[in-house]
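Below is one structure; the comments refer to it alone.
None of the figures in this text is laboratory data; all of them are computed from the coordinates on show. All of these numbers come straight from a predicted model, not from anything done at the bench. We place every Cβ from the backbone using ideal geometry, glycine too, and count neighbours over all the protein chains shown.
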2 protein chains.
Amino acid sequence: MNHLNIILFHPTEVEHPLSRKDLRAVHILDVLRLQPGQIFDAGLIDGAQGKGTLAAVNEASLTLSFVWGNSPPPLYPIHLLIGLPRPQTSRDILRDVTTLGVASINFIRSERGEASYSSSNLWKSDEWKNCVINGTAQAFCTRLPIIIRDQTLAEALAGLPSGAARVALDNYEASCSLTAFSPTVSQPVVIALGSERGWAPSERRLFRDAGFCFAHLGPRVLRTETACIAAVTLIRSKLGLF
Amino acid sequence: MNHLNIILFHPTEVEHPLSRKDLRAVHILDVLRLQPGQIFDAGLIDGAQGKGTLAAVNEASLTLSFVWGNSPPPLYPIHLLIGLPRPQTSRDILRDVTTLGVASINFIRSERGEASYSSSNLWKSDEWKNCVINGTAQAFCTRLPIIIRDQTLAEALAGLPSGAARVALDNYEASCSLTAFSPTVSQPVVIALGSERGWAPSERRLFRDAGFCFAHLGPRVLRTETACIAAVTLIRSKLGLF
């Protein structure tokens, strides 16, 4: 098990003992190896950061106490639109792009996407939420991005923040590199990335009508997961968010 | 199995039939679903790109023929020094940083590193080479980065390209963001990333003596794999390599 930088709790959870079967209890006892009286970094999901204390341990549960401090700053005004990828790719994107601090990820039902991906266990269970929470904890943050699913591209475009700079990564249509894309500092940015088979012509028209420009990420073909990290990194750099 | 953008062969392999048990044969028959006479994108490792033709199939092997064209451009003059991470992290770095086009990756035996990682199957078998080949094929390229292992930091520093700009990512020592680091275009760049427990004080002295500056990747704590992709992306951007 990896080290968790901060252990996150829903506000309703912190008033009750934590079952020893809960993965966070396992982490506190087996990875951090805390003894009663020792502290760990804790956070309230979408709320304050602070310190937890392992007050007591019995056979069934841990008793924890908390002291809360400030809430972390808002997430970055970066929004991803992604044609829903296969579940393993979606898992990695949920975790890593969350760690990078985007405000929202919208997994779109694209025309050429594989409909069956949306009925995978990742999405049918709470697994996707855990990916987001793990990505948030990795970043030593408490704020979760908004995750949206099952919209068509037209529906997603209708919900974009007004005034956002808009760019679609598309190796076939791109007229410039993403490094030439210039949002103004503090402007929200929407980045669209294609699904495995790319966008359909009708979707490309929707992007153009919605004011998107098309950009590429260079001559080397990246995996979708890698392209997401690279694109968010470049936009954070352009917005002065490093 | 994922789609391979280009199927790579060692020069000695292309003169012989390809066993049907070879993963590339499985890919040609079961993923690309080629029939005799059909073509696929092929490359010679560290050599030319071209087209392969599935000439014939029998129970034991495939007969392939090739037409070779140009070799791809050189890899980017970006060199990574990484404290040897756990095997799963090393696998992802080998593949993804190769796809991004770095010239070399040196996995260092750092003072605080976990020595047992270097005896994992990843390194004892050819698995690490396959990670590099997969990362190269993903990029639609034939050139493999140089992979170095088991050097101490002092040994690695002695072998760096002369005239290279040098930066070490280190959240504790950093005086600026990596986005403020300014190599000149076409200058080789060496990026050092710490292992799980970071660099020891004696290693930090070695970095300073070797002309490294220390930089960070922002307030959000990234996984090592994500930090590698983000750092190479930023340096490629600064070198005009997108």
Checked against a 29 Å limit on the C-alpha separation, the offending pairs among A:LYS51/B:LYS238; A:LYS51/A:LYS238; B:LYS21/B:LYS51 are A:LYS51/B:LYS238; A:LYS51/A:LYS238
Under the Karplus relation with 6.51, -1.76 and 1.60 and θ = phi - 60°, whole-Hz ³J(HN,Hα) for segment A:185-191, x at Gly and Pro, equal 4, 6, 7, x, 10, 10, 10
P(r) tail for chain A, what percent of Cα pairs lie past 25 Å?
47 percent
Using alpha carbons only, how many degrees (0 to 90, rounded to 10) separate the axis of helix A:224-238 from the longest principal axis of chain A?
90 degrees
At 1.002 mPa s and 20 °C, plugging the Kirkwood radius over alpha-carbon pairs of segment A:76-140 into Stokes-Einstein gives what diffusion coefficient in µm²/s?
178 µm²/s
Starting at the first residue of segment A:200-217, write each ³J(HN,Hα) from the Karplus equation 6.51 cos²θ - 1.76 cosθ + 1.60 with θ = phi - 60°, in whole Hz, x for Gly and Pro.
7, x, 5, 6, 4, 4, 4, 4, 4, 5, 8, x, 7, 9, 9, 9, 10, 10
Most positive-pole-ward Cα, A:SER110, A:PRO17, A:SER177, against dipole of chain A from beta carbon charges
A:SER177
Give me Rg over Rh for segment B:135-242, both radii from the alpha carbons and Rh done the Kirkwood way, two decimal places.
0.95
Using only the Cα atoms of the protein assembly as shown, what are the Rg and Dmax in Å?
23.7, 72
Sorted by average packing, counted as other Cβ atoms within 10 angstrom per residue and highest first, what order do A:231-240, B:117-126 take?
A:231-240, B:117-126
Phi-derived 3J(HN,Hα) across segment A:26-41 with the Karplus relation (6.51, -1.76, 1.60, θ = phi - 60°), rounded Hz, x for Gly and Pro, is 4, 5, 4, 7, 9, 9, 6, 6, 6, 9, x, x, 8, 10, 9, 6
Tell me which residues come under 5 Å, amide H to amide H, from A:CYS176 once H is placed; ignore anything under 5 positions away on its chain.
A:HIS216
Note down, for segment A:75-213, the three equivalent ellipsoid semi-axes (square root of 5 times each alpha carbon gyration tensor eigenvalue), biggest first, whole angstrom.
23, 20, 12
If you keep only loop residues by DSSP, which trypsin sites (Lys or Arg not before Pro) in segment A:16-70 have at most 12 other Cβ atoms within 10 Å of their Cβ?
A:LYS21, A:ARG33
Estimate the FRET efficiency between A:LEU144 and A:SER175 by the formula 1/(1 + (r/R0)^6), using the beta-carbon distance for r and 41 Å for R0, to the nearest 0.05.
0.70
Could you please rank A:ILE108, B:ILE146, placing first whichever residue has the fewest other Cβ atoms within 10 Å of its Cβ?
B:ILE146, A:ILE108
Helix B:127-138 sits off the longest principal axis of the Cα atoms of chain B, rounded to the nearest 10 on a 0 to 90 degree scale, by 80 degrees
How big is D for segment A:114-172, in µm² s⁻¹ as a whole number, if Stokes-Einstein is applied with the Kirkwood radius of its Cα pairs at 37 °C and 0.692 mPa s?
230 µm²/s
Given 0.36 nm per residue, what is the gain on full extension from A:THR184 to A:VAL26 after removing their alpha carbon distance, in nm?
52.4 nm
Residues meeting the amide H criterion for B:ALA42 (H placed from the backbone, H to H distance under 5 Å, 5 or more places apart or on another chain) are B:ILE7, B:GLY50, B:LYS51, B:GLY52
Might you report the magnitude of the Cβ-based charge dipole of chain B about its Cα centre, with Lys and Arg at +1 and Asp and Glu at -1, to the nearest 20 debye?
400 debye
Separation in nanometres of the label points that stand 7 Å from Cα toward Cβ, at A:ALA115 and A:TRP68:
4.4 nm
Can you grab the distance from the C-alpha centre of segment B:60-135 to the C-alpha centre of segment A:184-242, Å, no decimals?
27 Å
Residues with amide H under 5 Å of B:LEU64's amide H, sequence separation 5 or more or different chain, H placed in the peptide plane at 1.01 Å from N; which?
B:LEU18, B:ALA55
From the square roots a ≥ b ≥ c of the eigenvalues of the alpha-carbon gyration tensor of segment B:182-242, which class results: rounded (a/c under 1.5), prolate (a/b over b/c), or oblate?
oblate
Just check segment B:7-68 against the gyration tensor rule for me: Cα atoms, a ≥ b ≥ c as the square roots of the eigenvalues, rounded for a/c under 1.5, and otherwise prolate or oblate depending on whether a/b exceeds b/c.
prolate
